[in-house]
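Worksheet: the structure to be examined is printed underneath.
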Amino acid sequence: MTPRKITGEELTQEKIINVAREHFVQKGYNQVSMRQIAKELNCSHGAIYYHFKNKAELFYAIVQADYAFLDQLLVQTLTKSYRSDEEALKEILLTFIHFGLTYKSHFEFMFLTKNSEMEPYFETGPNESYQRFAEAVAKLVPNTLSPSKIWCLFLALIGFVTKYVYSDTSYEEVKNLAKEYTSFLIRGLKT
């Protein structure tokens, strides 16, 4: 007996995204097709096109969810009580590193996957997420920071995570180094 095909009512964007994420994690963006995802879902590839106009739009839906998740973690971090703004800033930076090393495929999709098909989709989401990060940092630093210093801080965090994202290294293994690194970055903001 062959498996039953998913009907249009049963096939949701969430189901498609969950299956697509696994394919993108295992094979990379360029090696995944809508037909492969449809085969896994046991539906026609046309059924997926009903929900997403192309692979880039589907991939970006995954990335948007990842940005929303990171934003949620950063907001949770900001709502806690801290002894000082510097301690709060350090926790924001550590939250970013923790996210990147705990959710490596999310981080890779958000910051390291590039393809010309995706360019139109990546014009707003990443910028909005960065803007929230920049506003949080600007509020926590006693002196006024230039936009270029905040951008350099952001790039420094991305660089730290990127060093470990393709390895088996966990956040716990580099936690002390991450704390030293964030302290170093914060000292640099004061100059």
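As I understand it, the value is the acute angle between the Cα axis of helix 55-78 and the longest principal axis of the Cα atoms of the chain; what does it come to in degrees, rounded to 10? Relative to the chain, helix 55-78 is tipped by roughly 30 degrees.
Taking every protein chain into account, the accessible area of the chain amounts to 58 square angstrom per residue (probe 1.4 Å).
Applying 1/(1 + (r/R0)^6) with r as the Cβ-Cβ distance of SER116 and LEU155 and R0 = 25 angstrom yields a FRET efficiency of 0.65. Cross-link partners of LYS163 among lysines, defined as those whose alpha carbon lies under 24 angstrom from its own and excluding same-chain residues fewer than eight positions apart: LYS27, LYS90, LYS104, LYS114, LYS149, LYS175, LYS179.
Here the scattering of region 80-191 is modelled by Debye summation over its C-alpha atoms, one equal scatterer each and no solvent; at q = 0.10, 0.13, 0.15, 0.16 Å⁻¹ the log10 of I(q)/I(0) is -0.31, -0.52, -0.69, -0.78. Given a 1.4 angstrom probe, I'd like the percentage of the accessible area of the chain that is carbon and sulfur, rounded to a whole number. Carbon and sulfur together cover 52 percent of it. When the dipole is taken about the Cα centre of the chain, and only Lys, Arg (+1) and Asp, Glu (-1) are charged at their Cβ, what size is it in debye, to the nearest 20? So the magnitude is around 200 debye.
Please list log₁₀ I(q)/I(0) at q = 0.08, 0.20 Å⁻¹ for the chain, using the Debye equation with identical point scatterers on the alpha-carbon positions. These q points yield log10 I(q)/I(0) values of -0.33, -1.35.
With respect to the chain, whose longest principal axis is taken over its alpha-carbon atoms, helix 13-27 is tilted by about 80°. Estimated from helical segments only, the mean residue ellipticity of the chain at 222 nm is -22000 deg cm²/dmol, where each DSSP H run of four or more residues counts as -39500 (n - 2.57). With respect to the chain, whose longest principal axis is taken over its alpha-carbon atoms, helix 85-102 is tilted by about 30°. Rounded to whole numbers, the Karplus 3J(HN,Hα) couplings from phi for region 183-191 are 4, 4, 5, 5, 4, x, 5, 7, 8 Hz, using 6.51 cos²θ - 1.76 cosθ + 1.60 with θ = phi - 60°, and x at Gly and Pro.
Converting phi to 3J(HN,Hα) with the Karplus coefficients 6.51, -1.76 and 1.60 and the offset θ = phi - 60°, region 158-164 yields 4, x, 4, 5, 4, 4, 10 Hz in sequence order, with x at every glycine or proline.
Under 25 °C and 0.890 mPa s, how fast does region 18-60 diffuse according to Stokes-Einstein, given a Kirkwood radius computed over C-alpha pairs? Answer in µm²/s, whole number. Estimated diffusion coefficient is 242 µm²/s. Applying 0.36 nm per residue to the separation of ASN18 and ASP71 and subtracting their alpha-carbon distance, the gain on full extension is 17.1 nm. Shape summary of region 115-173, radius of gyration then Dmax from alpha carbon positions: 14.5, 41 Å.
The values are calculated or read from the model by the stated rules, or taken from the named source; none is laboratory data. Being a predicted model, the structure only gives us computed values, none of them experimental. Heads up, the Cβs are rebuilt from the backbone with ideal geometry, glycines too, and the neighbour counts pull from every protein chain shown. Surface accessibility is based on the protein's heavy atoms, side chains included, excluding ligands, DNA and RNA. Shrake-Rupley method; radii C 1.70, N 1.55, O 1.52, S 1.80 Å.
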